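Heads up, the thing below is written out as structure tokens.
Please treat every number below as a calculation from the coordinates, not as lab data. All figures in this text were calculated on a predicted structure; none of them were measured in a lab. Cβ sites come from the backbone with ideal geometry, for glycine too, and all protein chains shown count toward neighbours.
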Amino acid sequence: MTPRNDPSTPPLSAHPGPATAMNPVTSEASHAALSPHQPDQLDQPVSGLLATLDLLRVSRRGPVLHLQLNRPAKRNALSDPFIQQLHTVFVNMPEGVRAVVISGQGQHFCAGLDLSEVVARDIGSAVQHSRMWHAAFDAIQFGPVPVVAVLHGAVVGGGLELASACHIRVADDSAYFGLPEGQRGIFVGGGGSARIPRLMGVSRMTDLMLTGRVYDAREGLQAGLVQYVVPAGQALDKGMALAQRIATNAQMSNYAVMHALPRIADQAQGLGLFTESLMAAIAESTSDAQQRLKAFLEGRADKVLKS
Ligand code: 1HE
């Protein structure tokens, strides 16, 4: 079986010309994916299409692709080309990448929607604008590989929507979370109403939107917005280490976690259990799974130990 990317929307390439969507998962795990964490590896620049994206700084550390939001003068506010460039990356994932880290340049992760671009739109184009964000963020959530968001400073509005499309969120102590749409006279449009309540519940999101309440990093952790909080300045190291670890998993297992788990959670229990049985059978039938199981039974694999 060769699973494919979910997003059916064509790539919103910021560049003319065909964008080649890679096949995200092969039936055989690459041995590159099994290479151990190498903390001394340095970020390498990428070449080709991804190197031409001016709003993202893209580099690679072994199997991990690092995307830095690169518009610090505007606090990484998400303009239309910014959203298109993010989408382009996830439908043009370089061969051998097994996990992605997204972080922000400057003092803040992301100030959300570029408010200077919000002009009076007719209803049709406003819907299209929101759907463009949906397509890009779906390409992240249901894309080829797991994504770790590294958060610091402001993570607000569309910035929180972007973070919520990622699979793991690591915040440092400087991070704070808000949804100022209410104050701006608008509504979430980047998938926030679907994703954020799944992390912290409708009532907490309602509070943030109605009252303008801002959570600090610890409150974000307690609410379920982030899974890790580390001291200021350490989130990138932590996020990178997690991504390197994720990259050593069997690709089909990662695929199942990203694509099957959230869908099963949305299904009635009977449907979910049936979906689970299919996904479990697919995962354990890969040669990668067979090799890993054999390695454990022969005493060649790590045990699960208390950390
Ligand atoms: C921006 C934006 C932006 C900064 N769009 N230009 N998002 C918001 O409501 C958050 C608005 N931004 C802020 O509250 C603050 O800028 C921050 C707390 C994020 C950062 O403050 P600070 O003091 O570090 O920076 P600054 O001086 O406010 O901003 C620096 C520049 O970035 C300045 O431009 P400059 O030309 O005067 O230097 C700002 O105008 C610009 N800037 N944030 C445009 N967001 C799909 S729907 C999603 C809906 C939403 O995301 S609503 C939430 C929008």
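Restricting attention to region 286-307, which residues are outside any helix (DSSP H, G or I), among the polar types (S, T, N, Q) and in contact with a helix residue (DSSP H, G or I) (Cβ under 9 Å, 6 or more places away or on another chain)? Step through it out loud before you land on a result.
If we filter region 286-307 for residues that are outside any helix (DSSP H, G or I), which is where we start, we get 286, 298-307.
Cutting the leftovers down to among the polar types (S, T, N, Q) gives us 286, 307.
Correct list: T286 only.
Confirm whether S164 is in contact (Cβ under 8 Å) with a residue 60 or more places away in the chain and among the hydroxyl-bearing types (S, T, Y).
In short, yes.
Would you say D138 is farther than 25 Å from S253 by Cα and either within 12 Å of the ligand (Cβ to nearest atom) or in contact (Cβ under 8 Å) with a residue 12 or more places away in the chain (or both)? So that I can check it myself, show each step before the final result.
Details: farther than 25 Å from S253 by Cα: no; either within 12 Å of the ligand (Cβ to nearest atom) or in contact (Cβ under 8 Å) with a residue 12 or more places away in the chain (or both): yes.
So D138 does not fit the description; no.
How many of the residues making up region 101-113 are in contact with a helix residue (DSSP H, G or I) (Cβ under 7 Å, 6 or more places away or on another chain) and either crowded, with 19+ Cβ neighbours inside 10 Å or among the small types (G, A, S) (or both)?
Qualifying residue count, region 101-113: 8.
Within region 168-196, how many residues turn out to be under 26 Å from A139 (Cβ atoms), crowded, with 16+ Cβ neighbours inside 10 Å and in contact (Cβ under 8 Å) with a residue 40 or more places away in the chain?
Here the count works out to 11.
Among what's in region 140-158 and is within 9 Å of the chain's Cα centre (by Cα) and in a helix (DSSP H, G or I), pick the residue that is nearest to L113 (Cα to Cα).
Across region 140-158, the extreme among qualifying residues is I140.
Condition check: away from the ligand (no atom under 13 Å from the Cβ), without any contact (Cβ under 8 Å) to a residue 12 or more places away in the chain and in a helix (DSSP H, G or I). Does Q222 satisfy that?
It is true that Q222 is away from the ligand (no atom under 13 Å from the Cβ), without any contact (Cβ under 8 Å) to a residue 12 or more places away in the chain and in a helix (DSSP H, G or I).
Among (1) at positive phi; (2) away from the ligand (no atom under 11 Å from the Cβ); (3) touching a Gly at 6+ places or on another chain (Cβ under 7 Å), there is one condition A165 misses while meeting the rest; what is its number?
(1)
Among the numbered conditions (1) over 20 Å from the mean Cα position of the chain (by Cα); (2) of a type in the set (A, V, I, L, M); (3) away from the ligand (no atom under 16 Å from the Cβ), tell me where I186 comes up short.
With respect to (1) over 20 Å from the mean Cα position of the chain (by Cα); (2) of a type in the set (A, V, I, L, M); (3) away from the ligand (no atom under 16 Å from the Cβ), I186 is out only on (3).
Across region 96-128, what is the number of residues that are away from the ligand (no atom under 12 Å from the Cβ), over 18 Å from the mean Cα position of the chain (by Cα) and touching a residue at least 24 places away in the same chain (Cβ under 8 Å)?
0
Looking at region 151-162, can you tell me whether even one residue there is crowded, with 21+ Cβ neighbours inside 10 Å and away from the ligand (no atom under 15 Å from the Cβ)?
No, region 151-162 has no match at all.
Taking F82 and the conditions (1) within 30 Å of S253 (Cβ to Cβ); (2) within 16 Å of the ligand (Cβ to nearest atom); (3) not acidic (D, E), which numbered condition does it fall short on, given that it satisfies the others?
F82 satisfies all of (1) within 30 Å of S253 (Cβ to Cβ); (2) within 16 Å of the ligand (Cβ to nearest atom); (3) not acidic (D, E) except (1).
Going residue by residue through region 246-254, is there one that turns out to be within 16 Å of the ligand (Cβ to nearest atom), in a loop (DSSP other than H, G, I, E, B) and either more than 22 Å from the chain's Cα centre (by Cα) or farther than 24 Å from A111 by Cβ (or both)?
no
Determine the pairs where a residue that is closer than 19 Å to A51 by Cβ and in a loop (DSSP other than H, G, I, E, B), located within region 67-83, has a partner that is of a type in the set (A, V, I, L, M, F, W, C) and near the ligand (Cβ under 8 Å from one of its atoms) with Cβ atoms under 8 Å apart, the partner being 6 or more residues away or on another chain.
That search, which allows pairs on different chains as well, returns R71/A77.
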